[in-house]
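Asks: Take a look at the following structure, please.
Just so you know, all these numbers are worked out from the coordinates, no wet-lab data involved. What you are looking at is a predicted structure, and each value in this text was computed from that prediction instead of being measured. Neighbour counts are summed over all protein chains in view; Cβ atoms, including those assigned to glycine, are modelled from backbone coordinates with ideal geometry.
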Amino acid sequence: MKYMLFICADPDVKLTPEQEAEASKGTESWVKEMDGRGVRLQGDRLRPVSDATTVRARNKEVLIADGPFAETKEQIAGYDILECADLDEAIEVASKHPVAKFGVIEVRPFWPF
Amino acid sequence: MATLIRITGDWDLAEECAQDAFEKAFKRWSAEGVPNRPGAWLTTVARNQALDRLRRRANETIKLQEATALTTPSDPTDPNHDPEDIRDDRLRLIFTCCHPALPFEARIALTLRTLTGLTTAEIARAFLVPEATMAKRLVRAKHKIADAGIPYRVPPTHLLPARVTGVLAVLYLLFNEGYSASSGDEPLRKNLSEDAIRLGRALVQLMPDEPEAAGLLALMLLQHSRRRARIDSEGDLVALEDQDRRRWERDEIDEATELLDVALRKGHVGPYQLQAAIAECHAGASDAAATDWVEIAGLYKQLVAIMPSPVVELNRAVAIAMADGPAAGLVLVEALADARELQGYYLLHAKRADLLRRLGRSIEAAESYRLALALTGSDAERRFLARRLDEVTSS
């Protein structure tokens, strides 16, 4: 089953350089492990929400605004696409992501085709 | 291939999925290079596809499974009846209904719906919600199980301790919903306690080596045994020390005592076993004065060690007040006054009021009773506190 992982963290929480380095290294090894297991299909880090743009098409007008669509404390910092046997495996994979320690990871199944 | 066949029992499917995995491998590895363990990679990918296909097929049969799995009593004269199979299926069903990915309310509703004979309408009435709300709750939960890939199985060993805790929490909540229902309430609501006990019995049968399951059942039986003595003819709560112990159900107490003895001997003490042991201390005392409070205080000390919580600390303070006098207990209660989790918890003020009352500090006791009254939600509890407030203000 395919799952989307939304890697979310509070952008206002500043990590120390050591924490940054640890998270970065941790993510690298997480990616390597999950790729090797065949459970991670792809994924990427995203630019911060200050670089985000929202787009709506209403009444033949294209409405453009700056910033993320969600006014939440935690914002999506990256994503990964998994292929797992079941939700328990997806949960296990997500729980090992370094951001799970201080942020939150949403695990959402893909719409079946 | 063997793995695929073992898992799917379907040779055609196994072959197709193996073929697909090879194709995927060819595409991905040409672009990204061969992974460290290509065999494992192939097996994983093929297995996942097989499970996907099976799951989609199974969606239609889940309804059938649910209908037959636990609600129909197993018939030993049926030639197809295999107690092992049915036992395993019942266990799978309980763990699936109580999966942590389901919203808590849905776990309770689904457990009731699939493991007892209650209809959606009956469950709705028991929880005081409209039937449509309950129906939607159940449908969403079932969809989530299928759509999110919640596996239909007894969790693997490394996940089992946490999952068992989850199942026990659902059962205990069910029990408490029934236990806290008052006499004027919907009878189905009160029956939730009996449903919880019945499920508890089933769980103990299915997991005879899990002492906490027996601990929870013993706890529920012991609390339940007091049901005829804890509410008076007006529907008001009777404090434990004032209850007529001849109205406690002795055979339930005996059953609980036996269960607890066996469980404790396994040497894996847990919170439900400890709470049951405390309840057993009360059950074993012929009257309130004969209660072994020193033993109870000791048990609370153990409980605090494995389940640290201000609520448990509060209960321990009450036990110490009984064993060593109200002044000793009050010191501990005052120390808890700032605990964040207890703000808005009416029992903190009610217990403090009680200790102050016993020390003759009536004005302070009255103040605490008033605080408790402002915070309690139950009518029966409100009447009880109002009477106590009366006692300390009318002297």
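Asks: Given a Förster distance of 45 angstrom, what is the FRET efficiency for A:Arg108 paired with B:Asp251, based on the Cβ-Cβ distance and rounded to 0.05?
Replies: After rounding to 0.05, the efficiency reads 0.35.
Asks: In addition: Can you list the GluC sites (Glu not before Pro) in the range B:208-293 that are in a DSSP coil and have 13 or fewer other beta carbons within 10 angstrom?
Replies: Within the range B:208-293, the qualifying GluC sites (Glu not before Pro) (loop, at most 13 other Cβ atoms within 10 Å) are B:Glu234.
Asks: Do any GluC sites (Glu not before Pro) in the range A:30-76 lie in a DSSP loop with no more than 12 other beta carbon atoms within 10 Å, and if so, which? The partial results should precede the final answer.
Replies: Numbers: sites: A:Glu33, A:Glu61, A:Glu71, A:Glu74; in loops: A:Glu71, A:Glu74.
Within the range A:30-76, the qualifying GluC sites (Glu not before Pro) (loop, at most 12 other Cβ atoms within 10 Å) are A:Glu71.
Asks: Let me ask something else. State whether chain A is rounded, prolate or oblate according to the following rule on the C-alpha gyration tensor (a ≥ b ≥ c being the square roots of its eigenvalues): a/c under 1.5 gives rounded; otherwise a/b larger than b/c gives prolate, and the remaining case gives oblate. Before the final figure, lay out the partial values.
Replies: On the way: a/c = 2.42, a/b = 1.29, b/c = 1.88.
Note, shape of chain A comes out oblate.
Asks: While we're on this one: What's the exposure ranking of A:Trp111, B:Trp29, going from fewest to most Cβ atoms within 10 Å?
Replies: A:Trp111, B:Trp29
Asks: Would the range B:246-302 count as rounded, prolate or oblate if I go by the C-alpha gyration tensor, calling it rounded below 1.5 in a/c and otherwise prolate when a/b exceeds b/c, oblate otherwise? Working shown, then result.
Replies: Details: a/c = 2.71, a/b = 1.21, b/c = 2.25.
Oblate is the answer for the range B:246-302, as a/c is 1.5 or above yet b/c matches or exceeds a/b.
Asks: Let me ask you something else. Among B:Lys266/B:Lys301; A:Lys60/B:Lys144; A:Lys2/A:Lys32, which pairs are too far apart, with a Cα-Cα distance over 28 Å?
Replies: Values: B:Lys266/B:Lys301 20 Å; A:Lys60/B:Lys144 37 Å; A:Lys2/A:Lys32 19 Å.
Pairs exceeding the cut-off: A:Lys60/B:Lys144.
Asks: Now for a separate question. Looking only at the range A:77-107, which residues have a backbone nitrogen under 19 Å from a spot 7 Å from the Cα of A:Ala21 in the C-beta direction?
Replies: Label zone hits: A:98-99.
Asks: Only sites in a loop by DSSP and with at most 12 other Cβ atoms within 10 Å count here; which trypsin sites (Lys or Arg not before Pro) in the range A:1-95 make the cut?
Replies: Sites meeting the loop and neighbour criteria: A:Lys14, A:Lys60, A:Lys73.
Asks: Would you calculate the volume per residue, in Å³, of the smallest convex hull containing every Cα atom of the range B:211-291?
Replies: 81
Asks: Still on this structure, please answer the following. Neighbouring Cβ atoms within 10 Å as the yardstick, rank A:Val99, A:Val93, B:Val294 fewest first.
Replies: B:Val294, A:Val99, A:Val93
Asks: If I model a spin label as a point 7 Å beyond the Cα along the Cα-Cβ vector, how far apart are those points for A:Val49 and B:Val331 in nm?
Replies: 5.1
Asks: So if I average 1/r over every pair of distinct C-alpha atoms in the protein assembly as shown and take the inverse, what Kirkwood radius in Å does that give?
Replies: 27.0 Å is the Kirkwood radius here.
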